[in-house]
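Each remark here refers to the structure printed beneath this line.
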Amino acid sequence: MTDGATCEEVRELAPELALGATSGEERARALAHLSRCAECRRVVDDLARVTDEVLLLAPQREPPPGFEGRVLSRWRAQRPARGRRRAIAAAVAAALVAAGGAWGGTLAATKLDRQIGGYYREILGRVNGKYFSAAPLRTEGDRQVGSVFMYEGKPSWIFVVVRKGAVPGMREVVLVPRRGAAVHLATMHIGREGATWGTQISSGVLGTLAAVRLVDRGGGTMLEAVVRDRS
Amino acid sequence: MASAIPHGEEGVSTVWAVSDEALLAGLASGDPDAVAAFVRRFQRRVYGLAFAILGDTSAAEDVAQETFARAWRHAPAFDPRRGSVAAWVLAIARNLAIDTARMRGARPTDPAELPELLTPDPEPGPDERAIAGDDVGRLREALAALPADQRRALVLAAFYGRTAREISEADGIPLGTVKTRIRAAMLKLRSALEVEDDGRRDV
């Protein structure tokens, strides 16, 4: 068995690991250790943050004329179909203002993109929360078919967006905490165009989550979004 | 600065009131206005970093474009607890720029360019404080305060992706010395960031 690096060796190497300045061999030995040692991972992550922030010191520079237009053209060329975009945008806006109780089902979006976009921006601008995140929703084959959005504030909310292309059917939305039993939250129906679902949720729950799953009636996990550990 | 003012009837205040994280979430859900605002907010930093590494306007633009393309593809996977949105986007730009540099053959390092990284940004955008915060100011001071050897090693590693061995061989310095300089520099910079840090990002 190859001897792995010790904590002491990894701590000493940590600044270089965080910068990516190690040799391949050093990195491999360190990673083997890091996969087993949370404390050393914390040390390296801490220094990785320094690397990230250092990049912010680079001088800003105006891109060539027309840059922004070219980037947006490229984005438009690969954006999803109109109907689904409306459904997603409407779902985002609606979930943000959900004042209480759950709503479900596929939204029939009737508003124009611009109206929804403006409303959405306004809501986000007024929001006074602490934490907004998204986690990709993947099949067992690791294909992303949607996202889970989580917002911690007053109120907190969670919503699930499943794209067209996911296997249709009835699914149970299950919250999987890091400790304790999974909680069935609701049942949603995924149609041929996908689906959206969201609910307000008690403050503090989001912080305990390990994953959100969409489970079929037989209890098999169809889709999963892994929530990053906050500890 | 024309590029800092978003077009449309919404006006400046609404867009700039939206946090980076919320804008990124908008990107993830495909909101076209969020995409445009995101590009406007970060384009000078992204292009600036790419240009600093590559020194070539068209290569830098290619990298900057590809950076935004990756940003909207990977937006759903962003974790705000791991760092800021700005740092995330710049890390993408940095890796793309380094890959491009390696493919084109190593660009000769020019020590005279490094001090440029120390001067305050001559044209801070209206978002400078919003994106950078006080951390960046402290970091800039800490970098300026480093001995020149440590600063050079750190910049070569952080911006140009050089390994300790590559720096040692290019500059004719013992590997151990380079490692010591990198470590010392990083630890000093980390202390500079430790002040008033509760590890959390506010929306």
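Readers should treat all values here as calculations from the given coordinates under stated rules, not as data from a laboratory. The structure displayed is predicted, hence computed values, not measured ones. Reconstructed Cβ throughout: ideal geometry from the backbone, glycine too, with neighbour counts over all protein chains shown.
Projecting the Cα atoms of A:54, A:21, A:5 onto the charge dipole of segment A:1-55, computed from C-beta unit charges around the Cα centre, puts A:5 farthest toward the positive end.
The string of couplings for segment B:153-162 from the Karplus curve (6.51, -1.76, 1.60, θ = phi - 60°) is 4, 5, 5, 4, 6, 5, 9, 9, x, 6 Hz, one whole number per residue in order, with x for Gly and Pro. Put simply, the amide H of residue A:187, placed in the peptide plane, has neighbours under 5 Å in A:173, leaving out anything fewer than 5 places away on its chain.
Please name which of B:75, B:42, B:32 has its Cα lying farthest along the dipole of segment B:25-80 towards the positive end, using unit charges on Cβ (Lys, Arg +1; Asp, Glu -1) and the Cα centre as origin. Going by the charge dipole, the pick is B:42. Amide H contacts of residue A:194 (H built 1.01 Å from N, in plane; Pro and chain starts excluded): A:165 sit under 5 Å, all sequence-distant by 5 or more or on other chains. Distance between the modelled labels on residue A:76 and residue B:56, one decimal in nanometres: 3.0 nm (7 Å Cα→Cβ projection). Of B:160, B:47, A:151, the sequence from fewest to most neighbouring Cβ atoms within 10 angstrom is B:160, B:47, A:151. Once the C-beta distance of residue A:182 and residue A:11 is scaled by a Förster radius of 45 Å, the resulting FRET efficiency is 0.75 to the nearest 0.05. The ranking of B:134, A:216 by Cβ neighbour count inside 10 Å, starting from the fewest, reads B:134, A:216. By other beta-carbon atoms within 10 Å, ranking B:103, B:186 with the fewest at the front produces B:103, B:186. Close amide H contacts of residue A:210 (hydrogens built in the peptide plane, cut-off under 5 Å, sequence separation of 5 or more or a different chain): A:176, A:178.
The HN-Hα couplings worked out from phi for segment A:172-177 by the Karplus form 6.51 cos²θ - 1.76 cosθ + 1.60 (θ = phi - 60°) are 9, 8, 10, 9, 10, x Hz, whole numbers, x standing for Gly and Pro. Provide the net charge surrounding residue A:169, with neighbours chosen by a C-beta distance below 15 Å and charges set as Lys +1, Arg +1, Asp -1, Glu -1. Local charge sum for residue A:169: +2. Here the relative contact order of segment A:13-60, from alpha carbon pairs under 8 Å that lie six or more residues apart, stands at 48 percent. Evaluating 6.51 cos²θ - 1.76 cosθ + 1.60 at θ = phi - 60° for every residue in segment B:38-47, the Karplus couplings come out as 5, 4, 4, 5, 10, 5, 6, 6, 5, 5 Hz, glycine and proline recorded as x.
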